[in-house]
Amino acid sequence: MSDWLNSFVMTIIPLFIVIDAIGSILYVVSVSNGLSRYEQHKIANISVITAAIVGMAFLFFGQLLLNAMNITVGSFAIAGGIVLLVLSISDIVTGHKIELDRESLVAIVPLGTPLLAGPATITALLLLVSMLSEHDESKVADLPARLT
């Protein structure tokens, strides 16, 4: 396999795993239940655009931002996981999600980020950038081990 194709595959697979697009489908269906086809497409588009903007921002400026605040990538991942845990426990305890404007806010906050572009995705992007910038493709192969 060529170097470019190998790098591409070794980058896409970890991102596909941490974004978990297949697992997010159930949440999208439950949130968009009862909406018109147009509103469902609007929610999906806004969610993907939001996730892309957050991902690109952290791809290009993430390490700079974390360095400016003196935060390590590991600390960021742990703090993001704790925030998601607290939100999940809150949803379980109350028995319902926070009532939101379904068309706009629900596409950005729970779907776009943190569901699609959450701490795992951002951490994976930061690790992939640091690994690929060193041109050492062997380190990309142990990305799943580094994420756990």
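Just so you know, all these numbers are worked out from the coordinates, no wet-lab data involved. From a predicted model like this one, the values you see are computed outputs, not experimental measurements. Methodologically, a virtual Cβ is constructed for each residue, glycine included, from the backbone with ideal geometry; neighbour enumeration extends over all protein chains shown.
What to note about this one:
- Fewest-first ordering of Met69, Met56, Met10 by other beta carbons within 10 Å of each residue's beta carbon gives Met69, Met56, Met10.
- Equivalent ellipsoid semi-axes, the stretch 3-141, via Cα gyration tensor eigenvalues times 5, rooted, Å: 29, 18, 13
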